[in-house]
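The values are calculated or read from the model by the stated rules, or taken from the named source; none is laboratory data. Small disclaimer: the values here were computed from a predicted structure and weren't measured. Cβ: placed from backbone, ideal geometry, glycine included. Neighbour counts: every protein chain shown. SASA here: full protein model, heavy atoms, side chains in, ligands and nucleic acids out. Shrake-Rupley method; radii C 1.70, N 1.55, O 1.52, S 1.80 Å.
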Amino acid sequence: MNNDDALILRAAHRSEASEIASISRLQIEHGLNWRWTPKRIKTLIADNQTTLVVASMNGVIEGFGSMQFMNTKSHLILLAVQPKSRRCGIGKAIVKWLEKACGDGVVERIWLEVRLSNQVARRFYEAQGYRFVRTIRKYYAKDEAAIVMEKLIKHAN
Ligand SMILES: CC(C)(COP(=O)(O)OP(=O)(O)OC[C@H]1O[C@@H](n2cnc3c(N)ncnc32)[C@H](O)[C@@H]1OP(=O)(O)O)[C@@H](O)C(=O)NCCC(=O)NCCS
């Protein structure tokens, strides 16, 4: 990443659904059946209880993340950063943006599922304050387990 390049975080556009779905397929869902197809990504973008943020640089999508809001808890559904742009703080910026979008004072916890084999993402989430909750066996296709992680949100009062 060039120092002069500015990273922009903003809500995804419907027209970006295919690109986001392709990144999900390659970077998140590799080896699994493709769940986050362009059609389902469009549904996420249209859903007013969900936000889908893209991190773009020079008009190119470098990463994205999605959060679903459910009263006092929120579900981090998707997160990916393009391989060449990793370890530059983009994932952290996306998660911060999504956590801020939860609002101030309502959401008490955020949870997510991550593939048991995905050590990098597990380390990443730990670095963002997410903690192991439990393992769910056979959560994904091909018998792969998921790790559930969560972060408790502290409010000022
Ligand atoms: C997980 C992922 C989103 C992290 O994005 P990223 O932009 O590279 O992460 P950041 O640069 O913001 O990293 C923040 C911190 O997380 C931790 N971290 C990130 N990548 C790490 C790695 N490969 N090994 C160890 N710790 C790591 C570090 O503490 C890092 O801080 P540091 O670079 O100052 O040491 C990215 O690796 C990715 O897209 N992976 C494939 C898709 C995926 O697994 N998605 C999540 C499951 S749905």
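For the range 1-145, the solvent-accessible area of protein heavy atoms averages 59 Å² per residue (probe radius 1.4 Å; ligands and nucleic acids excluded). Largest first, the residues V54, V60 sort by 1.4 Å accessible area into V60, V54. In a reduced charge model with +1 at each Lys and Arg Cβ and -1 at each Asp and Glu Cβ, the chain shows a dipole moment near 440 debye about its Cα centre. Heavy-atom accessible surface of W97, to the nearest 10 Å², is about 80 Å², with a 1.4 Å probe and all protein chains retained. Projecting the Cα atoms of N48, Q27, N71 onto the dipole axis of the range 7-152, where Lys and Arg carry +1 and Asp and Glu carry -1 at the beta carbon, places Q27 farthest toward the positive end.
Placing pseudo-labels 7 Å out from each Cα toward the beta carbon at D104 and H75 gives an inter-label distance of 2.9 nm.
When a 1.4 Å probe is rolled over the protein heavy atoms, the share of accessible surface on the range 7-152 that falls to carbon and sulfur comes to 50 percent.
Stokes-Einstein at 20 °C, 1.002 mPa s, Kirkwood radius from Cα pairs: D for the range 27-82 in µm² s⁻¹?
My calculation gives 174 µm²/s for D.
Pairs to check: K39/K138; K42/K154; K84/K154; K42/K151; K42/K84. Give those whose C-alpha atoms are more than 29 Å from each other in this structure. Result: K42/K154; K84/K154 exceed 29 Å.
Along its three principal directions, the equivalent ellipsoid of the chain from the Cα gyration tensor extends over semi-axes of 22, 20, 17 Å, largest first.
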